[in-house]
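Bear in mind these aren't lab numbers, they're just calculated from the coordinates by the rules spelled out. Fair warning: this is a prediction, and the values are worked out from it, not measured in the lab. Positions of Cβ are generated from backbone atoms using ideal geometry, with glycine treated the same way; all protein chains shown enter the neighbour counts.
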């Protein structure tokens, strides 16, 4: 059975997250429904990461096995016809049989977008969270520096029954100020559940002057599972890209 | 019980239309859920028009009775907190007790947006349909002129069990060409189900050179229920405004 690698983009607003759930509209569910129609049989889609309800993706990666070989260009056109407007497969390629979208991923890039004013119309700024503007920019930038490096990120996730490995490497945290808001880009080898949104929530608490930058350095140096950190709204978060170490693709990519 | 008049905007992409349906995400359902939480009791919301699945609104109007009086500004803030990101109540006002959003409406304005190329990312052009560009613009514009006036619009709807009244007035059909697409604005006293999308579909068939403008004049002069006309995709249609003859509002509007 041929294995395919898909690059997937979605507006998270209308989805109850990536993961298939009975009776809910999810990205995995919609992809499996469309691919199942193309395959003529039930299929299972594996994503690089299970984004939460409301989180968007520009470059989520997934793999799927289809019962028969389909040229990637034809697969792409069939998916374009079957998928809803807020879910697009941007690329399809034949992958090595042992390619695994989640296990082979070596890096992820997320961008958190925030603006200071609520837009008047629902189709404006759908990927931007509305937050109170931080006044203490220097403190926020100093705190962002504390978040870079290899550390136990247990302070930034929710307790997860027995899952032990909470050490992650955050390669960079880039804060860019805009006239109407800000954009925070983070890259790392992987992120725990809620980690990016809680890192952003913690940076905002520093920016609002509620906490000093050292508070973040302490949360990094001395992990506090269940630490009281606000989780920034899902609306502002986009999974921009997933990185792989080796070329997982054997056939050439086809573009939509 | 005080009656409220609401101006509602939504991105139709993630909704199975206006009308409440068990187990489906609908605009009426989400509004009734949020207003029911505010009221502490089930409420019923009446909309000016039942937009179909995928159709958007910038200025849908609805009315609702609440068990106790709430200042419109407070109602607006509570709704902003409870409603999902793709559904906004833009204005709330106390209405006369006999105001009826559907029965009192005397006009509606719809805009149909189309572009010639599919956008690469799912959050771009969500309110724009992607269609083949029409080459015969002069014919399309001539055909648009035939659609203005008072006529039996039965050719442009689907058979509706025993509903007799299919005469409607289309006050204007304005076609605006853009570098990357087009925008068709229609205003009328009211529109039958699918009427705007079938009017647009018929205009496109003329623009593509498949039919002469006189074909449209004939569909208007001699109604043909069930006429073979393509229904333009829901994605391109937005209900822009609903018009009322008399001031239905007694308290001043509050803005979001």
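In peptide A:5-15, how many Cβ atoms from other protein chains are near each Cβ within 10 Å, on average?
Working: counts 0, 0, 0, 1, 5, 3, 10, 4, 9, 9, 1.
That works out to 4 on average.
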Antiparallel versus total DSSP beta bridges in the protein assembly as shown: what percent is that, nearest 5?
90
What's the average, rounded to a whole number, of partner chain beta-carbon atoms within 10 Å of each residue's beta-carbon in A:49-55?
0
Which residue fluctuates the most in chain A, going by a Gaussian network model with Cα springs under 10 Å, if the choices are A:225, A:119, A:179?
A:179
Which semi-axis lengths, in whole Å and largest first, follow from the square roots of five times the eigenvalues of the Cα gyration tensor of chain B?
35, 20, 15
Between residue B:150 and residue A:116, what FRET efficiency comes out of the Förster formula 1/(1 + (r/R0)^6) with R0 = 60 Å and r the beta carbon distance, rounded to 0.05?
0.75
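In deg cm²/dmol and to the nearest 500, what is the mean residue ellipticity at 222 nm of the protein assembly as shown if only DSSP H runs of at least 4 residues count, each as -39500 (n - 2.57), divided by the residue total?
On the way: 10 runs with 112 residues, N = 512.
Computed mean residue ellipticity for the protein assembly as shown: -6500 deg cm²/dmol.
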What is the residue of chain B with the smallest Cβ distance to the axis taking B onto A, and what is that distance in whole Å?
B:14, 1
Separation of the range B:24-44 and the range B:170-248 by C-alpha centroid, Å?
32
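Rounded, prolate or oblate: which fits the range A:40-110, taking a ≥ b ≥ c as square roots of the Cα gyration tensor eigenvalues, rounded meaning a/c under 1.5, else prolate when a/b beats b/c? Display every interim value, and only then the final one.
Numbers: a/c = 1.81, a/b = 1.20, b/c = 1.52.
In terms of gyration-tensor shape, oblate.
Taking neighbour Cβ counts within 10 Å as the exposure measure, how do B:86, B:138, A:189 sort from fewest upward?
Values: B:86 24, B:138 9, A:189 15.
Placing the least packed residue first, the sequence is B:138, A:189, B:86.
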Pop a pseudo-label 7 angstrom from the Cα along the beta-carbon direction at both residue B:98 and residue A:224 and give the gap in nm to one decimal.
6.4
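Assuming a ≥ b ≥ c are the square roots of the Cα gyration tensor eigenvalues, decide whether the range B:92-232 counts as rounded (a/c under 1.5), prolate (otherwise, with a/b larger than b/c) or oblate.
Oblate shape, in that a/c is at least 1.5 and b/c is the bigger or equal ratio.
To check you understand DSSP bridge types, tell me what percent of the beta bridges within chain B (both residues inside) are antiparallel, rounded to 5.
Just about 90 percent of them are antiparallel.
By average Cβ neighbour count within 10 Å, what is the ranking of A:42-49, B:233-240 from highest down? Show your work: numbers first, answer last.
Details: A:42-49: 19.0, B:233-240: 23.0.
Ranked from most to least packed, the peptides come out as B:233-240, A:42-49.
Let a ≥ b ≥ c be the square roots of the eigenvalues of the Cα gyration tensor of the protein assembly as shown; is it rounded (a/c under 1.5), or, if not, prolate (a/b larger than b/c) or oblate? If you can, show how the numbers build up before the last one.
Numbers: a/c = 2.30, a/b = 1.39, b/c = 1.65.
Oblate, because a/c is 1.5 or more while a/b does not exceed b/c.
Would you tell me the mean number of C-beta atoms belonging to other protein chains that fall within 10 Å of each C-beta in B:82-95, as a whole number?
Numbers: counts 0, 1, 5, 16, 7, 2, 7, 0, 3, 0, 0, 0, 0, 0.
Taking all residues of B:82-95 together, the mean is 3.
By DSSP, what percent of the beta bridges with both residues in the range A:65-195 are antiparallel, rounded to the nearest 5?
If we restrict to bridges inside the range A:65-195, about 90 percent are antiparallel.
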Arranged by the count of other C-beta atoms within 10 angstrom, fewest first, what order do A:4, A:10, A:244 take?
A:244, A:4, A:10
So, in nm and shortest first, the distances from residue A:226 to its counterparts in the other copies, with label points 7 Å along Cα→Cβ, work out as 6.8
Expressed in nanometres to one decimal, the distance between label points 7 Å along Cα→Cβ at residue B:19 and residue B:180 is 3.5
Per-residue Cβ neighbour rank within 10 angstrom, fewest leading, B:131, A:196:
B:131, A:196
